[in-house]
Amino acid sequence: MRAMTTAELRSRLHASLGHAVVGQQQVIDGLLIAVVVGGHVLLEGVPGTAKTLMARAVAAALDARFTRIQFTPDLLPSDIVGTSVYRADRGTFEFREGPIFTDTLLADEINRAPAKTQAALLEGMEERQVTADGKRMPLSDRFFVVATQNPVEYEGTYPLPEAQLDRFFFKLEVSVPDVATETTMLRRFDNGFSPLDLAGAGVTTVVDAPVLADVRAEVARVRVGDEMLGYISALVAATRVSPDLSLGASPRGSIALLQGGKAMAAIQGRDYLVPDDVKEICIPALRHRLVRRPEAELQGVSEVAAVQRAVGRVAVPR
């Protein structure tokens with residue numbers, strides 16, 4: 001494939017995924033930013049809002065190996081990482097790789113499995129390697145986790161541990177479509193669209209590994225002034241003293257704002273970071289890294305509102 005800019009990649013990704021996914025433009029942008037910076041994404045939404053379809057379509061557009069794990073209450077860590085099997089013909093144990101050895105891993109309904117199984121993903125997400133039988137085995141350098149979860153109020157769900165939530169670069173909310181969007185979706189299905197045949201629907205590969213490496217290099221070159229570094233630090237510090245929160249964002253939150261902001265600048269065709277780039281991603285980068293005070297929850301202060309109120313207390317650099 002020919003070289004392309006981050007802005008061109010965004011345009012081509014939206015065009016390709018638009019053959020399968022109706023709407024959800026901000027979610028697609030969030031997935032693209034996470035891929036570019038090497039992060040992972042948590043998608044939250046009620047069942048039937050195309051979370052799985054988006055993950056499969058992104059993998060197809062990235063020309064990436066795709067694996068799906070359906071998380072259930074009886075899922076074991078070895079079902080994710082793999083296990084050693086005794087080979088009687090050789091008299092030795094042989095390690096059989098689990099589904100984590102892929103490029104794009106869809107962890108479907110991750111909060112339906114207990115914490116021990118959820119934690120099996122932590123090492124792979126953080127270090128791009130897994131440890132089994134005392135051996136460290138590397139994962140793909142394009143390893144990308146898209147985890148989906150139903151709202152925690154739903155029956156049969158387990159809240160994700162704070163340590164695992166912090167490993168996700170973004171938490172993106174997949175909303176229920178409006179009437180016009182749902183009508184367009186129904187028209188497509190009436191015309192023969194099948195979510196099982198993405199190629200037939202028109203989803204094409206838009207980037208391969210070398211081009212993705214070029215795009216990542218472009219994002220890395222985005223210039224960040226000292227005033228912007230101070231602004232990012234002040235935003236995260238504001239969450240740590242917010243009266244709405246008992247726990248503010250971690251240093252990973254600062255890094256997410258920096259890396260995500262640079263990717264947002266590149267998407268806009270700029271080689272320098274501005275405050276709007278950072279403000280644009282504050283909610284998906286920080287909302288899952290916070291713990292609200294009980295009184296704030298009783299007052300109906302949502303994760304999004306808590307981030308917005310903290311951000312609003314920080315002066316924007318000129």
(request) Taking L53 as meeting all but one of (1) out of contact with any strand residue (DSSP E or B) (no Cβ under 9 Å at 6 or more places or on another chain); (2) buried (at least 21 other Cβ atoms within 10 Å of the Cβ), write down the number of the exception. (result) (2)
(request) Residue by residue through segment 109-124, note down the ones that are open to solvent by 10 Å² or more (accessible area, probe 1.4 Å) and either in contact with a Cys (Cβ under 8 Å, 6 or more places away or on another chain) or at pLDDT 85 or above (or both). (result) E109
(request) Assess whether I69 counts as being at pLDDT 90 or above, in contact with a helix residue (DSSP H, G or I) (Cβ under 7 Å, 6 or more places away or on another chain) and part of a loop (DSSP other than H, G, I, E, B). (result) no
(request) Take the residues in segment 262-289 that are more than 20 Å from the chain's Cα centre (by Cα) and assigned to a helix (DSSP H, G or I), then tell me which one is surrounded by the most Cβ atoms within 10 Å (Cβ to Cβ). (result) P275
(request) Return yes or no: is S175 under 20 Å from the mean Cα position of the chain (by Cα), over 25 Å from R252 (Cα atoms) and not β-branched (V, I, T)? (result) yes
(request) Out of P195, P151, P210, report the one residue that is more than 17 Å from the chain's Cα centre (by Cα), modelled with pLDDT under 90 and loosely packed, with under 14 Cβ neighbours inside 10 Å. (result) P210
(message) Going by what's in this entry, would R136 be described as open to solvent by 40 Å² or more (accessible area, probe 1.4 Å), touching a strand residue (DSSP E or B) at 6+ places or on another chain (Cβ under 6 Å) and either assigned to a helix (DSSP H, G or I) or closer than 30 Å to P210 by Cβ (or both)?
(response) yes
(request) Pick out the one residue from L42, L53 that is within 23 Å of A180 (Cβ to Cβ) and either touching a Gly at 6+ places or on another chain (Cβ under 6 Å) or not in a loop (DSSP other than H, G, I, E, B) (or both). (result) L53
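The values are calculated or read from the model by the stated rules, or taken from the named source; none is laboratory data. Here the structure is a predicted model, which is why all the values come from computation and not from measurement. Cβ atoms come from the backbone with ideal geometry, glycine included; neighbour counts cover every protein chain shown. Side chains are part of the model used for accessible areas, which takes the heavy atoms of the whole protein and leaves out ligands, DNA and RNA. Shrake-Rupley method; radii C 1.70, N 1.55, O 1.52, S 1.80 Å.
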